[in-house]
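First comes the structure, then the notes that go with it.
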Amino acid sequence: MKIAVLKEGAPGETRVSATPETVKKFIALGAEMAVESGAGEHASIADADYSNAGAKVGDRAATLAGADIVFGVQGPDPESLGGAKAGAWIVASLNPFGDRPRVDAYAAKGYEALAMEFMPRITRAQSMDILSSQSNLAGYKSVLIAANEYGRAFPMMMTAAGTVSAAKAFVMGVGVAGLQAIATARRMGAQVSATDVRSATKEQIQSLGAKPIFVENVKGIEGEGSGGYATEMSEEYQKAQAELVSSHIAKQDIVITTALIPGRPAPRLISDAQIATMRPGSVIVDLAAESGGNVEGAVSGETVVRHGVKIVGAKNMAGTLAADSSALFSRNLFNFLSAFWDKEKNAPVLDEEVGDAIRLTKSGAVVNARLLG
Ligand code: NAD
């Protein structure tokens, strides 16, 4: 069983899908590990570190030759996988809704593409969940970026020269990234409030010492929702939410938005008119910018200024912490494949629940229900 670890090809991608730690673990399981030279460069991992861990380091052709499984952080270009075995597994974050042509191309080439972001949200798969491991780091980094862009301090400071008041930070969308953003902003001394459509998050917000801001009298999502995910809200809810946000946002210095709906464009939470009510110098970080944006005017990968407010359109936030995000992503991949490793076959054998959820293509066809339905 040969596993190929590729150097990422997407512009700006800094992460790598295996570390020396996981290379060693896969070898202990019985796999042969091949790493493309330079794969770990941006995550501070040298080729020699991989060799010392037992991997064969070589050029792309040597890495792919005879590979049963190909690892990536982002899905590798289907045209660039020559040499991998027929029907090889491609295990990566494949952006199935956002890049359907690539999924079709994996099918056409006969690869079995496994999308790690489709991992079901079941207890035994928590350690395999790349969305959680990467969102957690993104939530943390979003606050650091906001603090850096903000021309004032976060904590209240009482000095001989006078008092600096605490920054007011508002987090919209309290999933994994939002919870980490709340915790980070609190640690830095901001006064934090937060909102979500899922009522279950109210308690979580309070437990982190922040103030919940919730639409009252219009039904949100009770409990956890399917797999913890949100769905699109009714028009009535959206209107009530917009009114609530309008009155709250004008008093905020920092806003972090993280709201996502799987398979749909990100919900629009902040309009240009609402931005205009904020104090000049305030900062908004839109973590959903890559999925269409929660904030009107946000541009993924850029910082724009509207009405004196800086709007940071996040792009691959986890990638700005390449060493940690790579370590966690790599462990997610190891936890996944090792859980299904069949010792006799010396290969992973997926069960139906996980296999059907993450498998996008097989034997030349697109087979995933979420893409076909
Ligand atoms: P996500 O990235 O899909 O979305 C971020 C947040 O935005 C969610 O909390 C969502 O409810 C919220 N949101 C969506 N539309 C909104 C709107 N219009 N206004 C305000 N907020 C809106 O979420 P996530 O980080 O994946 O987490 C979702 C839940 O799943 C959490 O409760 C998390 O703990 C849970 N989870 C479970 C597992 C597991 O069991 N394996 C793994 C990861 C996360």
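The values are calculated or read from the model by the stated rules, or taken from the named source; none is laboratory data. Since the structure is predicted, the reported quantities are computational estimates derived from the model, not experimental observations. We place every Cβ from the backbone using ideal geometry, glycine too, and count neighbours over all the protein chains shown. The accessibility values were calculated without ligands, DNA or RNA, using every heavy atom of the protein model including side chains. Shrake-Rupley method; radii C 1.70, N 1.55, O 1.52, S 1.80 Å.
Of note:
- Selected residue (only one of ALA153, ALA194, ALA169 is open to solvent by less than 60 Å² (accessible area, probe 1.4 Å), outside any helix (DSSP H, G or I), within 10 Å of the ligand (Cβ to nearest atom) and small (Gly, Ala, Ser)): ALA194
- All positions within segment 1-23 that are free of Cβ contacts under 8 Å to residues at least 40 places away in the same chain and surrounded by fewer than 17 Cβ atoms within 10 Å (Cβ to Cβ): PRO11
- Of the residues making up segment 156-198, those that are closer than 17 Å to PHE214 by Cα and small (Gly, Ala, Ser) are ALA169, GLY173, GLY175, GLY178, SER193, ALA194.
- Output for segment 334-373, where each listed residue is open to solvent by 70 Å² or more (accessible area, probe 1.4 Å) and of a type in the set (Asp, Glu): GLU344, GLU352, GLU353, ASP356
Residue-by-condition table, conditions (1) crowded, with 20+ Cβ neighbours inside 10 Å; (2) in the same structural domain as VAL70 (by the TED database); (3) among the acidic types (Asp, Glu); (4) within 16 Å of the ligand (Cβ to nearest atom):
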| position | (1), (2), (3), (4) |
| --- | --- |
| PRO96 | yes, yes, no, yes |
| ASP99 | no, yes, yes, no |
| ASP104 | no, yes, yes, no |
| ALA108 | no, yes, no, no |
| THR123 | no, no, no, yes |
| ILE130 | yes, no, no, yes |
| VAL143 | yes, no, no, yes |
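- Test: residue in segment 32-40 that is without any contact (Cβ under 8 Å) to a residue 60 or more places away in the chain and over 21 Å from TRP89 (Cβ atoms): yes
- Filter result for the condition that a residue is over 25 Å from the mean Cα position of the chain (by Cα) and closer than 22 Å to VAL349 by Cβ, over GLY83, GLY66: GLY66
- Looking across segment 265-298, the residues that are within 26 Å of ARG121 (Cα to Cα) and in contact (Cβ under 8 Å) with a residue 40 or more places away in the chain come down to LEU269, LEU287, ALA288, SER291, ASN294.
- Segment 255-289 - residue that is under 20 Å from GLU149 (Cα atoms) and open to solvent by 50 Å² or more (accessible area, probe 1.4 Å) and, of those, nearest to the ligand (Cβ to nearest atom): THR277
- The one condition in (1) touching a Leu at 6+ places or on another chain (Cβ under 6 Å); (2) open to solvent by 40 Å² or more (accessible area, probe 1.4 Å) that ARG60 fails to fulfil: (1)
- Candidate set from segment 110-121 (those that are touching a helix residue (DSSP H, G or I) at 6+ places or on another chain (Cβ under 7 Å) and assigned to a strand (DSSP E or B)); member that is surrounded by the fewest Cβ atoms within 10 Å (Cβ to Cβ): ALA115
- Pairs where the first residue, in segment 92-114, is under 18 Å from MET128 (Cβ atoms) and the second is open to solvent by 20 Å² or more (accessible area, probe 1.4 Å) and of a type in the set (Phe, Trp, Tyr), C-beta under 6 Å, 6+ apart: GLU112/TRP89; LEU114/TRP89
- Taken together, VAL164, VAL174 contain a single residue that is more than 30 Å from GLU352 (Cβ to Cβ) and within 11 Å of the ligand (Cβ to nearest atom), which is VAL174.
- Some residue of segment 298-314 being surrounded by fewer than 19 Cβ atoms within 10 Å (Cβ to Cβ) and part of a helix (DSSP H, G or I): no
- Residue check, LEU179 under 14 Å from the mean Cα position of the chain (by Cα), within 11 Å of the ligand (Cβ to nearest atom) and not polar (S, T, N, Q): yes
- Comparison of SER44, SER51 shows that the only residue that is touching a residue at least 12 places away in the same chain (Cβ under 8 Å) and surrounded by fewer than 21 Cβ atoms within 10 Å (Cβ to Cβ) is SER44.
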